[in-house]
Amino acid sequence: MAVSPAAKTRVVIADDHALVREGLRKVLELDDSIELAGEAANADEVMARLAQGGVDLLLLDLLMPGCTDVELIQRIHAAHAELPVLVLTMHADPHIARRALEAGAGGYLTKDISTELLIDAMHHVAAGRSYVDPSLSAALIRQEPKAPEPLESLSPRERQVLVALVRGQSLVDIAAALQVAPNTVSTYKTRLMDKLDQASLSDLVRYAVRHGIVD
């Protein structure tokens, strides 16, 4: 959904941190050709706002409550295939960047990028062009095809349990949220450790952070 040169670029900011959204609003105010079209703090709010239309670019944090990893990008791409998505994240990992781009993102930036580059990237992606953080571009080019990540073998329910576990929720709380027995959650935990080759819950936490599953 590339915008015409005369039109303002209508941007929705999606980030679960209020301070980040406030800072991004101030960045948008620096460019008269960009206007704020809405904000979202979780995956459901993102999908609800996009369903209303009137959006030229989604500025998206990679990890939003309600979705895991690049799942939200996939949902957005399935429902709004023409909508440009620019990921703005803390994760400076080329493997995570590649997953986001393959899921449908048009651009990928880390949160330490300059204001000037962020504005430039928004214009590029809104116009239908790709934009990757300069610090990651060379690494993405050098990447060789990899064997499928163990994460790709996880079912949606296993991903839910993984996120809940690494965020410190107890087996009982997870079971209540998923409406299953605690023993079932325990089985999921064992299966996750086996699939991801992790020996303990602390190992799972480190693995999840390293692979961009949680902050």
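The values are calculated or read from the model by the stated rules, or taken from the named source; none is laboratory data. Since the structure is predicted, the reported quantities are computational estimates derived from the model, not experimental observations. Reconstructed Cβ throughout: ideal geometry from the backbone, glycine too, with neighbour counts over all protein chains shown.
Of the residues making up the stretch 4-62, those that are in a loop (DSSP other than H, G, I, E, B), more than 20 Å from Ser114 (Cβ to Cβ) and out of contact with any helix residue (DSSP H, G or I) (no Cβ under 9 Å at 6 or more places or on another chain) are Ser4, Pro5, Ala6, Ala7, Lys8, Asp16, Asn42, Gln52, Gly53, Gly54.
Among the helices (runs of 4 or more DSSP H) confined to the stretch 102-215, the ones with at least 2 residues that are touching a residue at least 24 places away in the same chain (Cβ under 8 Å) and not hydroxyl-bearing (Ser, Thr, Tyr) are located at 115-126, 134-142, 156-166, 182-196, 201-210.
One line per residue, one yes/no per condition, for (1) farther than 24 Å from Asp120 by Cβ; (2) under 14 Å from the mean Cα position of the chain (by Cα); (3) in the same structural domain as Ala127 (by TED's automatic domain parsing); (4) surrounded by 21 or more Cβ atoms within 10 Å (Cβ to Cβ):
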residue: Gly53; (1), (2), (3), (4): yes, no, yes, no
residue: Leu59; (1), (2), (3), (4): no, yes, yes, yes
residue: Ile73; (1), (2), (3), (4): no, yes, yes, yes
residue: Ile76; (1), (2), (3), (4): no, yes, yes, yes
residue: Glu82; (1), (2), (3), (4): no, no, yes, no
residue: Leu86; (1), (2), (3), (4): no, yes, yes, yes
residue: Met90; (1), (2), (3), (4): no, yes, yes, no
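Here is the figure for the stretch 8-30: residues that are crowded, with 17+ Cβ neighbours inside 10 Å and acidic (Asp, Glu) total 2. For the stretch 190-212, a tally of residues being of a type outside the set (Ser, Thr, Tyr) and farther than 15 Å from Pro150 by Cβ returns 3. Residues in the stretch 33-49 that are more than 12 Å from Val11 (Cβ to Cβ) and touching a residue at least 12 places away in the same chain (Cβ under 8 Å) were compared, and the one that is surrounded by the fewest Cβ atoms within 10 Å (Cβ to Cβ) is Asp44. Just one of the listed residues (Ala175, Ala199) is more than 27 Å from Asp15 (Cβ to Cβ) and surrounded by fewer than 16 Cβ atoms within 10 Å (Cβ to Cβ), namely Ala199. Does any residue of the stretch 75-94 turn out to be charged (D, E, K, R) and assigned to a loop (DSSP other than H, G, I, E, B)? There is at least one residue in the stretch 75-94 that is charged (D, E, K, R) and assigned to a loop (DSSP other than H, G, I, E, B). Consider the stretch 179-195 and keep the residues that are closer than 20 Å to Ser153 by Cβ and not hydroxyl-bearing (Ser, Thr, Tyr). The one that is surrounded by the fewest Cβ atoms within 10 Å (Cβ to Cβ) is Asp194.
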